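Worksheet: one structure, shown below.
The values are calculated or read from the model by the stated rules, or taken from the named source; none is laboratory data. Because the structure is a prediction, the values reported are computed rather than measured. Here Cβ is always computed from backbone atoms with ideal geometry, including for glycine, and neighbour counts include all displayed protein chains. Remember, those area values only see protein heavy atoms, side chains included, never the ligands or the DNA or RNA. Shrake-Rupley method; radii C 1.70, N 1.55, O 1.52, S 1.80 Å.
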Amino acid sequence: GKTAYLVWVGFWFLVTRQHPNIGATSITGDNLDDGLWKEFAVWLRFSPLMRATFTQTATALFSRDHPDDWWVSARTWPKGADGAQIDKSLAGLHAPSVCWLVDEAGGMPLGAVRATEGIFSDVNADALLVVVGNCNDEDGPLGVISNLEADRWTLIEINGDPDNPDRCTRVNIEEAREAIRLYGREDIGVRIKYLGLFPKRGSNKMLGPDDVSAAMRRNPPKSEWQHAP
């Protein structure tokens, strides 16, 4: 669903702008190849207009009439790359009409999404940034976008919560109910996979934000803690 949505946005941007430049990336090169880039090929088959006007290769989808400046470019970074290398791999995308499509951003380094925001440096550019993913990590790009920068973004939240009348019907409701029965609604996997919520703590963290907030509200007398380590 999310990846298909990115492709639809990409097609819409390609055919409603003059000479647009679009970058497409994902959390790894393999994920880009097997996910978003494959999804472009899938939906290309369903559109006579796109098939007649554009050509897709292993790394680009480009206009046959204007291949040099009317395209989508698949971008990634080397495995083990540091922040500077990621920034170098994703920076430098500038055009009068420019767009970034970022897939599987839930576990992506925050710097990767920060690098794509460079398209907004030109005040005259028609620029669009679309970021999708799962709620894996509150410290990652989606966590920052949802919690700290919500006023800068248009947020679309999707979940498969069995008790939500507006739930995504593609999510198997019986599987969701069974997972909630077995593990509870606060389980990290249940929150991410079915409820569309960030975990209350990371899988590699002893404490989460709720634990810290609760501790800050406590005011124990000195006699309870003065002899403690």
Of the residues in the range 1-27 that are polar (S, T, N, Q) and open to solvent by 10 Å² or more (accessible area, probe 1.4 Å), the one that is nearest to residue 171 (Cα to Cα) is 3
Checking residue 133 against (1) under 24 Å from residue 41 (Cβ atoms); (2) surrounded by fewer than 20 Cβ atoms within 10 Å (Cβ to Cβ); (3) in contact with an Asp or Glu (Cβ under 6 Å, 6 or more places away or on another chain): exactly one of these is not met. Which one? (2)
Restricted to the range 95-128, and to residues that are free of Cβ contacts under 8 Å to residues at least 60 places away in the same chain and of a type in the set (D, E, K, R), which residue is farthest from residue 17 (Cα to Cα)? 114
Every pair of residues 6+ apart whose Cβ atoms lie under 9 Å, when the first sits in the range 129-143 and is within 22 Å of residue 24 (Cβ to Cβ) while the second is part of a strand (DSSP E or B) and open to solvent by 20 Å² or more (accessible area, probe 1.4 Å): 141/131; 142/131
I need the full set of residues from the range 56-89 which are open to solvent by less than 60 Å² (accessible area, probe 1.4 Å) and assigned to a helix (DSSP H, G or I), in order please. 83, 86, 89
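Matching residues to (1) surrounded by fewer than 16 Cβ atoms within 10 Å (Cβ to Cβ); (2) touching a Cys at 6+ places or on another chain (Cβ under 7 Å); (3) more than 25 Å from residue 101 (Cα to Cα); (4) touching a residue at least 24 places away in the same chain (Cβ under 8 Å):
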position: 150; (1), (2), (3), (4): yes, no, no, no
position: 177; (1), (2), (3), (4): yes, no, yes, no
position: 181; (1), (2), (3), (4): yes, no, yes, no
position: 192; (1), (2), (3), (4): no, yes, no, yes
position: 212; (1), (2), (3), (4): yes, no, yes, no
position: 216; (1), (2), (3), (4): yes, no, yes, no
For the range 92-101, does any single residue satisfy the condition of being among the aliphatic types (A, V, I, L, M) and under 15 Å from residue 27 (Cβ atoms)? yes
Quick one: in the range 152-175, which of the residues that are basic (Lys, Arg) and free of Cβ contacts under 8 Å to residues at least 12 places away in the same chain is least open to solvent (accessible area, probe 1.4 Å)? 167
Of all residues in the range 194-210 being open to solvent by less than 100 Å² (accessible area, probe 1.4 Å) and of a type in the set (Gly, Ala, Ser), the one that is modelled with the highest pLDDT: 196
